[in-house]
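One structure is given below, represented as structure tokens, and several questions about it will come after.
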Amino acid sequence: MDKGTITEYFSAEKIQQRVRELAEQISNEYQDLKEPLVLIGVLKGSVIFLADLCRHMTIPVELDFIGVSSYGMETKSSGVVQITQDLSRPIHDRHVLLVEDIVDTGLTAQYLFENFESRKPASMRLCTFLHKPAKSKIDAELVHFVGFAIEDEFVIGYGMDLAEKYRNLPYLGVFSKN
Ligand code: IMP
């Protein structure tokens with residue numbers, strides 16, 4: 001284990017409350033769809049958020065996942081994004097909601113948007129659990145649904161990791177080295 005202290009940033013209760021609100025907002029905005037909304041989770045960080053979000057949604061959804069290269073053992077973005085696992089089905093003519101754990105620089109989201117645009121979905125939007133606006137290098141309009149905007153801190157838990165650890169924490173924490 002890394003030597004450090006975890007300070008709670010958002011409690012599990014606060015997270016669950018916000019996720020329910022987001023699910024309601026998304027369900028309302030897409031309620032007239034004639035077909036299921038395709039939720040695409042970005043592996044691995046979004047898995048916990050996506051699992052909670054979709055269970056509170058009241059419209060039909062389909063789930064798919066895309067794997068992208070992560071920071072590895074680093075806590076800073078390399079800016080290089082690579083697809084490590086592609087979608088299981090085409091998204092041509094489908095309404096797509098990309099679900100991310102966190103938009104930091106936004107380079108991952110931007111890369112995926114550009115990649116998915118070429119597959120000609122009927123529509124595409126982004127939902128992220130967290131957004132760090134101070135660091136974001138992308139057009140704010142791309143970030144359509146946001147759970148929480150946070151300061152420029154390295155956070156862990158609720159799907160997010162430090163060198164693959166802490167994803168299973170039900171709350172969000174800030175890790176500081178001792
Ligand atoms: P971006 O491309 O800089 O927006 O970074 C996106 C990805 O970096 C996220 O999907 C996370 O996997 C990871 N990431 C960015 N900031 C954090 C953080 O504070 N904690 C854990 N992972 C992070």
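Please identify the pairs in which a residue from the range 1-26 that is farther than 19 Å from VAL143 by Cβ and at pLDDT below 95 has its Cβ atom under 7 Å from the Cβ atom of a residue that is of a type outside the set (A, V, I, L, M) and exposed (fewer than 14 other Cβ atoms within 10 Å of the Cβ), counting only partners at least 6 apart or on another chain.
LYS3/LYS177; LYS3/ASN178; GLY4/SER176; GLY4/LYS177; GLY4/ASN178; THR5/SER176; THR5/ASN178
Same structure, new question: On the basis of being outside any strand (DSSP E or B), surrounded by 17 or more Cβ atoms within 10 Å (Cβ to Cβ) and not β-branched (Val, Ile, Thr), does SER88 make the cut?
Details: outside any strand (DSSP E or B): yes; surrounded by 17 or more Cβ atoms within 10 Å (Cβ to Cβ): no; not β-branched (Val, Ile, Thr): yes.
In short, no.
Next question, about the same structure. Looking only at residues that are in a loop (DSSP other than H, G, I, E, B) and within 9 Å of the ligand (Cβ to nearest atom) in the range 147-157, which one is surrounded by the fewest Cβ atoms within 10 Å (Cβ to Cβ)?
Applying the filter and picking the extreme gives ASP152.
Go through the range 102-137 and report how many residues are of a type in the set (A, V, I, L, M) and surrounded by fewer than 17 Cβ atoms within 10 Å (Cβ to Cβ).
Filtering the range 102-137 for residues of a type in the set (A, V, I, L, M) gives 102-103, 107, 109, 112, 122, 124, 126, 130, 134.
Pick out the ones that are also surrounded by fewer than 17 Cβ atoms within 10 Å (Cβ to Cβ) and you get 122, 134.
Adding up the residues that qualify gives 2.
Restrict the check to the range 129-146 and report whether at least one residue is more than 14 Å from the chain's Cα centre (by Cα) and not in a loop (DSSP other than H, G, I, E, B).
Let us first name the residues in the range 129-146 that are more than 14 Å from the chain's Cα centre (by Cα), namely 133-141.
Pick out the ones that are also not in a loop (DSSP other than H, G, I, E, B) and you get 140-141.
The answer is yes, given that some residue of the range 129-146 is more than 14 Å from the chain's Cα centre (by Cα) and not in a loop (DSSP other than H, G, I, E, B).
Has the range 162-169 got at least one residue that is charged (D, E, K, R), over 16 Å from ALA12 (Cα atoms) and within 12 Å of the ligand (Cβ to nearest atom)? Lay out the reasoning, then the answer.
Residues of the range 162-169 that are charged (D, E, K, R), as a first pass: 164-165, 167.
Applying the additional criterion that residues be over 16 Å from ALA12 (Cα atoms) yields 164-165.
Filter once more, keeping what is within 12 Å of the ligand (Cβ to nearest atom): 164-165.
Yes: the range 162-169 contains one or more residues that are charged (D, E, K, R), over 16 Å from ALA12 (Cα atoms) and within 12 Å of the ligand (Cβ to nearest atom).
Right, next: Quickly run through the range 86-111 and pick out the residues that are farther than 22 Å from TYR158 by Cα and within 16 Å of the ligand (Cβ to nearest atom). If you could, list the steps in order and put the result at the bottom.
Quick first cut of the range 86-111, residues farther than 22 Å from TYR158 by Cα only: 86-96, 110-111.
Across the range 86-111, the qualifying residues are GLN110, TYR111.
The values are calculated or read from the model by the stated rules, or taken from the named source; none is laboratory data. Keep in mind it's a predicted model, so treat the numbers as computed, not measured. Quick reminder, even Gly has a Cβ in these numbers, built from the backbone with ideal geometry, and neighbours come from all protein chains shown.
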